[in-house]
Amino acid sequence: MTSNTSIPTFLKRFLALSTPERRQYTKKYFQKLQQLQEHRISDADDPHSPFSIVTALSQTSERKNRYTDIIPFDANRVILNAKAYDYINASHIVPPFGIRRSYIATQGPLENTAKDFWLMTIEQKTSVIVCLTPEQEVRRGKCWQYWPTMDRMPHIWYEIDPEAKVEIQCEDEEYLEEADTEISRFAVTVNRDAQVLDESTISHLKFLGWQDHSALDTASHILGLVRTTNELRVNNEDAPVIVHCSAGCGRTGTFCVVDSGLELLKMIGEGLIEDDGRDFIFELVDSFRQQRVTMVQTGEQYYFCYLALLDALGVHEEI
């Protein structure tokens with residue numbers, strides 16, 4: 001177990017509480033996060049509000065939203081450059097405190113938005129996609145299978161416009177036990193009139209066994225996923241990691257908080273962020289919710305974020 005001297009003040013305070021007290025603490029602050037969000041989005045249909053969602057609510061955009069209540073703010077929505085209509089249900093997410101991470105939080109693509117998803121991936125120069133949902137849960141569609149597989153369809157393509165298409169070739173697949181994740185590597189090519197305009201290699205990490213609206217039973221696999229994600233992005237650190245579940249908020253937000261939280265712990269240790277006693281989990285979630293609604297969707301997911309960071313520090317508490 002890591003000595004308490006290496007644990008930030010807010011986690012020391014959390015550790016000093018009994019389990020019922022921890023539950024009460026996180027419940028209290030999660031409710032505060034909910035209240036802050038409700039206040040922010042109360043005038044979201046006002047185009048002059050910093051939290052306006054006017055574009056996402058337009059008639060043209062509505063058919064591209066998987067859910068009507070999880071949609072991007074106008075201020076930081078991802079804008080497609082090569083489309084006549086530039087909307088996709090996706091949000092740029094930048095952590096506070098200068099944390100060295102960037103994400104795009106997005107919904108699990110629909111059949112009619114799969115090509116937009118790949119266009120976004122190419123335009124944002126992303127090299128890692130983190131998928132946190134199965135295609136179906138309890139016989140309900142959660143994500144269209146927008147990616148190829150070695151066994152059933154090793155190659156797929158999507159038209160970007162009448163003259164250009166994206167081709168995705170599955171080159172390799174493996175299962176990583178320590179992260180409970182299926183990793184696929186794709187060769188992605190953009191062609192127009194038989195000419196190659198763009199080529200890239202993209203890693204797709206499909207995390208297994210995380211049910212919608214739930215927290216995980218153990219932190220080890222999510223920590224393994226975070227580790228693997230950052231190993232794969234090491235040669236492309238300036239590009240955002242695309243993260244999605246079904247709606248692009250609950251599991252997506254939890255992943256982003258754990259990943260950013262781990263980097264934050266490292267930066268505190270390096271003296272780059274002052275350990276001034278503030279609750280950095282609360283600050284991270286609130287910041288992310290100012291960039292996309294309902295990031296970290298449930299109280300259980302919020303509680304899990306604390307235990308995941310403690311687990312990474314070698315303090316293994318019961319989830």
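No lab work stands behind these numbers, since they all come straight from the coordinates. It should be emphasised that the depicted structure is a prediction, and the values quoted were computed from it without experimental measurement. A quick note on method: Cβ atoms are made from the backbone with ideal geometry, for glycine too, and the neighbour counts reach across all protein chains shown.
Some points to look at:
- Considering residues of segment 74-83 that are surrounded by fewer than 16 Cβ atoms within 10 Å (Cβ to Cβ) and over 19 Å from the mean Cα position of the chain (by Cα) only, the residue farthest from Gly271 (Cα to Cα): Ala82
- Helices (runs of 4 or more DSSP H) fully within segment 191-293 counting 1 or more residues that are without any contact (Cβ under 8 Å) to a residue 24 or more places away in the chain: 220-232, 250-269
The rows are residues; the columns are (1) under 30 Å from Leu265 (Cβ atoms); (2) free of Cβ contacts under 8 Å to residues at least 60 places away in the same chain.
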site: Tyr85; (1), (2): no, yes
site: Ile88; (1), (2): no, yes
site: Ser91; (1), (2): yes, no
site: Arg101; (1), (2): yes, no
site: Gly108; (1), (2): yes, no
site: Met120; (1), (2): no, no
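- Every condition in (1) among the β-branched types (Val, Ile, Thr); (2) surrounded by 18 or more Cβ atoms within 10 Å (Cβ to Cβ); (3) under 23 Å from Asp161 (Cα atoms) is met by Ile53 except one, and the failing one is (3).
- Scanning segment 10-49 for residues that are over 24 Å from the mean Cα position of the chain (by Cα) and surrounded by fewer than 17 Cβ atoms within 10 Å (Cβ to Cβ) yields a total of 19.
- Selected residue [surrounded by 18 or more Cβ atoms within 10 Å (Cβ to Cβ), out of contact with any Pro (no Cβ under 6 Å at 6 or more places or on another chain) and under 20 Å from Gln297 (Cβ atoms)] from Ile99, Ile71: Ile71
- When residues in segment 132-150 are screened for being assigned to a strand (DSSP E or B) and among the hydroxyl-bearing types (Ser, Thr, Tyr), 1 of them pass.
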